[in-house]
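S.K.: Take this structure first; my questions come after.
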Amino acid sequence: MRIVLLHMPWGALDLPSLALGILHTAATRAGHQVEVRYANLDFADWAAAATGLTLDDYSYFAERSYFQGAGDWAFAGALYEEEAEPGTVPADFAEYFGFLAANGASAAEIELVRRMRAAVPAFLDHLVAELAADPPDLVGFSSTFQQNAASLAAARRLKQACPQVRTVLGGANCDGPQGAALHRNFPFLDHVVRGEGEAAFPALLDLLAAGETDLSAVPGLCWRDPAGAPRANPMSTRPLPPAAILPPCYEGYFERLDASVAAGWVEPHLVLEGSRGCWWGEKHHCTFCGLNGSSMEFRAKPPEAFLAELLALVERHQLLDVHLVDNILDMGYFGTVLASLAELPVDLRLHFEIKANLRRHHFQLLGEAGAVQVQPGIESLSSRVLKIMDKGVTGCQNVRALRDAQSAGVSVTWNYLYGFPGEQPADYTAVLAQLPLLHHLDPPLGAGRIAIERFSPYFSKPELGFDLTRPAYQYRATYRLPESELADIAYVFSAPERGIGAPLGAELSAAVAAWRLAYPDSRLSLRDSGDRITLLNSRPAYDWRHLELTDPAELALYRLLDQPRTPAVLAARTPGGAAVVEPLLARWRELGLLFHDGASYLQVAVEADNQVLMRLEHRHGSTLGEVSDALAVG
C-alpha cells in the first residue's frame, strides 16, 4: 500500500514528529511505501505568504493558547464548512472571543484567531488538491494537543475529494474513549487507532491490503463493519515491551524545513524517547497529571540500544540538540547511557524530564553528559502542597534541585501550580515571603491554576476534591456535539475552583513575574576553600555583596545545610549545639542564605566553579564535524 502520513498544524515546527517517525518505521518494515508530509510546515509557508503569519503567531496557537483551544477553534469553521456573512461576527464567535479575553488574550491575539479561522479553508483546499492529484491508498493523521480540528477538517475534505482513500487517525488525542468518540461522530474517519501504534497500525495495513473486512483482531482499533456500524475493539491490556518500541525515521523533515520559511524562525532539534510510562506514577500517581494516558507502566529501552539509537540519529542528521520526551528519566541510565555520553568528545545538548529529588552527583553527570535543560516537575515549593499532589518530594528538595542543577551548569524549566483541594493560604504566604532569596535560581515560566486532565486521579477519583467536572468551554465552542459526546472527546475539564482564591493566585503570579525580571542580574555563589567559605551576592533584595565564613562552627554548620536538615539535627552535629546553631540560622535567614520549609532549612548558594563555566562555553563551541569522529571512537 502507498501511505501518506500527515503532521498537521499546530505541530511544533522545530521538531520532527516522533509518532509519525515511528509509524514510518513500522509501516516500512511491513513492506509498505510510506511518506511523511509535514503539513504544519506547508501551512507555515502558505500562511506566511497569504496572511503574514509569524513565528509568534504560530506559537500562540501551538503553545500559549492550549488551555483555551484557539488552535482547534481556528480550524473548526473548515471542519463544519461554515459560511459566515462578510463583515459580521456570529454570536458564538463573540462568546468565544470573550472567553479568550477573560483568559488573558490581547485584542491583537483575538484578531489573529478570527483572521486565521477565515483563512484556513483555502489552505486545506490547497493541501487536499495536491493529495488528490495522485491519491495514496491511505492517509494517516497523528493528533496531539491542538491538531484535532485541523486533522479532522483535512480528513473530511480528502474523503469528499477521494472517497476511495482510507483515512486513519491516531495519537494522544485518540486514547481510550476519546478515539472511540471521534470515530463515531465523524464518519469520514474510516479508522481510529487507540493506544500504541507500532503493532496495531501495521496489522491494520496488512488486513486492508489483503481485502479483509473483519478488523476485530486489531487491538484498540475503531472501525466500521460492512453495514457501516462503528465498532471499537478492546484496547490491549499489556503495553508494548521495550524491544517493540521502534526507532523513528525522520527522512524528509529536515529537507522540508530547509525549504520552508520556518527555517528562518527556528533551530531544528531531534526528538527521541528512551522509555514510556512513569516509574513514580506506578507507585504514586501525581493527582493532577494525565500525561501517561491509559498506559502508566514504565518501560525503558535497554541502555545500549537507546544509546545506539541516539548516536545514530545524531550522526545521520548532524544535529546536537536532542529532546527526550520520556515523562521521567530511567534512573538506570545514569550509570550506563549518561556515563557513556559523558565520555564522548561530542557536546550534545540534551533536554530531559527528571524527578526533582536527584542529588548533586546526578546533576553533575547530567551536565557532563550534555544535558543543558531539565524539567523536574517542581510545581511547588511547599511541602504540604507537594504532599497533596503526591509528588514524593519536599519544598526543600525542590529548591535543592534548582540549586544543584545550576551548580552543574544545567538549566531548569518548571511552572508553579496552585488550586489543589485542601491547600491553605499559609502554604503560599510562607513561600512568597522567601522568593526574593531565590532570585538567583531558575524561575518558573509562570504560575497558574491547575486544569483537570483526563486520566489524572483528580478526573477519575471525585473523592479527591473535584466532584463535579464537565468538558472545558473550548470543546463546546469548537465541536457541534452534545455534552455527552464532548465528555468523551475532551482531555481538559472544568470544575469549581479549589484551594486558594484569585487574589492570592494573582499575588503568586506577580511574585513569579518579579522573579523572572530579577533573575538575569541576581547571583548568589559560594566557594568552599576548606578553611573558609566565600559568598558573593547580587540579589536586589539583599544589600550585602561579600561574606566570608571562617569560624570552624560556622563552617561545619553551613556545610551541613547543603542538605535539608532540622534545627535539632543541626544542633546535634555542630560544635556548640543549639547555642551556636539558633543565632546563626537567624542571621543567615536575614541575609537570604537559607530557605525554610516546615521544620527544615537549606542553604541556597550555588557553587562557583570555573570548570563549569568553561564547560558551558565549550559546549556552545562544539562542531558538528566532530560527531562522526566521536562516534567512530565510541
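S.K.: Counting only heavy atoms of protein chains, what accessible area per residue, in Å², does the chain have with a probe of 1.4 Å? Display every interim value, and only then the final one.
M.R.: Values: 25370 Å² over 634 residues.
Averaged over the residues of the chain, the accessible area is 40 Å².
S.K.: Let me ask something else about it. Please state the equivalent ellipsoid semi-axes for the range 141-232: what are the square roots of 5 times the Cα gyration tensor eigenvalues, largest first, in whole Å? Please list the in-between numbers first.
M.R.: Numbers: eigenvalues 67, 52, 29 Å².
That gives 18, 16, 12 Å for the three semi-axes.
S.K.: May I ask you to rank 116, 296, 331 by accessible area, largest first, using a 1.4 Å probe over the protein chains only?
M.R.: Descending order: 331, 296, 116.
S.K.: Now, a different point. Restrict the search to the range 74-153; then list the GluC sites (Glu not before Pro) that DSSP places in a loop and that have at most 10 other Cβ atoms within 10 Å of their Cβ. Before the final figure, lay out each step's value.
M.R.: Details: sites: 81, 82, 83, 95, 109, 111, 130; in loops: 81, 82, 83.
Sparse-neighbourhood loop GluC sites (Glu not before Pro): 83.
S.K.: Here's a follow-up. Any chance you could list the semi-axes, whole Å, largest first, of the equivalent ellipsoid that the Cα gyration tensor gives for the range 33-106, using √(5λ)?
M.R.: Largest first, the range 33-106 gives 25, 17, 13 Å.
S.K.: Would you report the distance distribution of C-alpha pairs in the range 435-564 as whole percents per 5 angstrom bin, up to the bin with the largest distance?
M.R.: Calculated P(r), rounded to whole percents: 2, 9, 12, 11, 11, 10, 9, 8, 8, 7, 6, 3, 2, 1, 0.
S.K.: Expressed as a whole number of Å, what is the distance separating the alpha-carbon centroids of the range 430-487 and the range 171-188?
M.R.: After rounding, the separation between the Cα centres reads 23 Å.
S.K.: How big is the dipole moment of the range 299-365 about its Cα centre under a simple scheme where the beta carbon of each Lys and Arg is +1, that of each Asp and Glu is -1, and everything else is neutral? Debye, nearest 20, please.
M.R.: 260
S.K.: Under the rule of at least 5 residues apart or a separate chain, name every residue whose amide H is placed under 5 Å from the amide H of residue 606.
M.R.: 524, 525, 526
S.K.: Classify the range 348-395 from the C-alpha gyration tensor, please: rounded if a/c falls under 1.5, else prolate or oblate depending on whether a/b exceeds b/c.
M.R.: prolate
S.K.: Follow-up question, since we're still on this one. Please give the net charge around residue 438, taking every other residue with its beta carbon less than 11 angstrom from that of residue 438, where Lys and Arg add +1 and Asp and Glu add -1.
M.R.: +1
S.K.: I've got another one for you. Have a look at the range 56-196 and give its Rg and Dmax from the Cα atoms, expressed in angstrom.
M.R.: Gyration radius and largest Cα-Cα distance of the range 56-196: 15.7, 46 Å.
S.K.: Based on DSSP H assignment, which helices of the chain show an axial Cα extent of at least 27 Å together with a mean Kyte-Doolittle hydropathy greater than or equal to -0.5?
M.R.: Within the chain the helices that satisfy the rule are 107-133.
S.K.: Count the lysine pairs in the chain that are 8 or more places apart or on different chains: how many have C-alpha atoms under 26 angstrom apart?
M.R.: So the count works out to 12.
S.K.: Once the other residues with Cβ under 12 Å from the Cβ of residue 338 are scored (Lys, Arg +1; Asp, Glu -1), what is the net sum?
M.R.: Neighbourhood net charge equals -3.
S.K.: In the chain, what cysteines have no partner Cβ closer than 4.7 Å?
M.R.: 162, 174, 222, 249, 278, 396
S.K.: Same structure again: Determine the dipole magnitude for the range 93-239: charges of +1 sit on the beta-carbon of Lys and Arg, -1 on that of Asp and Glu, nothing else is charged, the reference point is the Cα centre, and the result goes in debye to the nearest 20.
M.R.: Value, rounded to 20: 380 debye.
S.K.: Hey, can you grab everything whose amide H is under 5 Å from the amide H of residue 141? Only 5+ residues off in sequence or another chain; H modelled, so Pro and N-termini drop out.
M.R.: Counting only residues 5 or more places away or on other chains, the set is 6, 168, 169, 170.
S.K.: Report the local net charge at residue 1: Lys and Arg +1, Asp and Glu -1, summed over other residues whose C-beta lies under 14 Å from its C-beta.
M.R.: Net of charged neighbours comes to -2.
S.K.: With no solvent and one equal point scatterer placed on each C-alpha of the range 241-313, evaluate the Debye formula and give log10 I(q)/I(0) for q = 0.14, 0.21, 0.27 Å⁻¹, two decimals.
M.R.: -0.65, -0.94, -1.16
S.K.: Tell me which of 440, 393, 160 sits at the most positive position along the dipole axis of the chain, charges placed on C-beta atoms (Lys, Arg +1; Asp, Glu -1).
M.R.: Towards the positive end, the residue furthest out is 393.
S.K.: Calculated from the structure, semi-axes √(5λ) of the Cα gyration tensor in Å equals which of (1) 50, 33, 19; (2) 37, 30, 24; (3) 46, 28, 23?
M.R.: Calculated semi-axes √(5λ) of the Cα gyration tensor in Å: the matching label is (3).
S.K.: Compute log10 of I(q)/I(0) for the range 542-598 with the Debye formula, placing one identical point scatterer on every Cα and leaving out solvent, at q = 0.18 Å⁻¹, to two decimals.
M.R.: -0.59
S.K.: Place +1 on the Cβ of every Lys and Arg and -1 on the Cβ of every Asp and Glu in the chain, take the dipole about the Cα centre, and give the residue among 34, 430, 217 whose Cα lies farthest towards its positive end.
M.R.: 430
S.K.: From the P(r) of the range 317-458, could you give the percentage of C-alpha pairs in the tail past 24 Å?
M.R.: So the pairs more than 24 Å apart make up 34 percent of the total in the range 317-458.
S.K.: Still on this structure, I have one more. Heavy atoms only, 1.4 Å probe, whole protein assembly: order 544, 223 by accessible area, highest first.
M.R.: Descending accessible area places them as 544, 223.
S.K.: Report, by chain and number, residues whose modeled amide H sits under 5 Å from the one on residue 422, excluding near sequence neighbours (fewer than 5 apart, same chain).
M.R.: 499
S.K.: Sticking with this one: Carbon-plus-sulfur fraction of the accessible area of the chain, 1.4 Å probe, in percent?
M.R.: In the chain, the share of accessible area belonging to carbon and sulfur is 55 percent.
S.K.: Please state the relative contact order of the range 324-440 as a whole percent: Cα pairs under 8 Å, 6+ residues apart?
M.R.: 25
S.K.: Spelling out what I want: for every residue of the range 318-332, take phi, set θ = phi - 60°, compute 6.51 cos²θ - 1.76 cosθ + 1.60 (Karplus), and round to whole Hz; glycine and proline get x.
M.R.: The phi angles translate into 6, 10, 9, 8, 9, 9, 9, 8, 4, 6, 7, 6, 5, 4, x Hz.
S.K.: Which ³J(HN,Hα) values in Hz, rounded to whole numbers, follow from the phi angles of the range 139-144 under the Karplus curve 6.51 cos²θ - 1.76 cosθ + 1.60, where θ = phi - 60° and Gly and Pro get x?
M.R.: 10, x, 10, 10, 10, 9
S.K.: Principal axis extents for the range 100-177, Cα atoms only, whole Å, descending order, please.
M.R.: Dimensions of the range 100-177 along the principal axes of its Cα atoms: 45, 33, 13 Å.
S.K.: Expressed as a whole number of Å, what is the distance separating the alpha-carbon centroids of the range 13-27 and the range 524-601?
M.R.: 51
S.K.: Projected onto the charge dipole of the range 1-156 (+1 at Lys/Arg Cβ, -1 at Asp/Glu Cβ, origin at the Cα centre), which of 127, 21, 53 gives the Cα projection farthest towards the positive end?
M.R.: Of the candidates, 21 comes out farthest on the positive side.
S.K.: How far is it, in nm, from the label point at residue 45 to the one at residue 213 when both lie 7 Å from their Cα along the line to the Cβ?
M.R.: Simple spin-label model gives 4.1 nm for this pair.
S.K.: Give me a comma-separated list of calculated 3J(HN,Hα) values for the range 213-220, in order, Karplus coefficients 6.51, -1.76, 1.60 applied at θ = phi - 60°, integers in Hz, x for any Gly or Pro.
M.R.: 10, 8, 10, 6, 8, 8, x, x
S.K.: Then there's this: For the chain, give the magnitude of the charge dipole about the Cα centre (Cβ charges: +1 Lys/Arg, -1 Asp/Glu; no others), in debye to the nearest 20. Don't skip to the end; give the middle numbers.
M.R.: Working: 51 positive and 75 negative charges, 273 e Å.
That gives a dipole near 1300 debye.
The values are calculated or read from the model by the stated rules, or taken from the named source; none is laboratory data. Quick caveat: nothing in here was measured; it's all calculated off a predicted structure. As a convention, Cβ positions derive from the backbone with ideal geometry for all residues, glycine included, and neighbour counts pool all protein chains shown. Please note that ligands, DNA and RNA were not included when accessible areas were found on the heavy atoms of the full protein model with its side chains. Shrake-Rupley method; radii C 1.70, N 1.55, O 1.52, S 1.80 Å.
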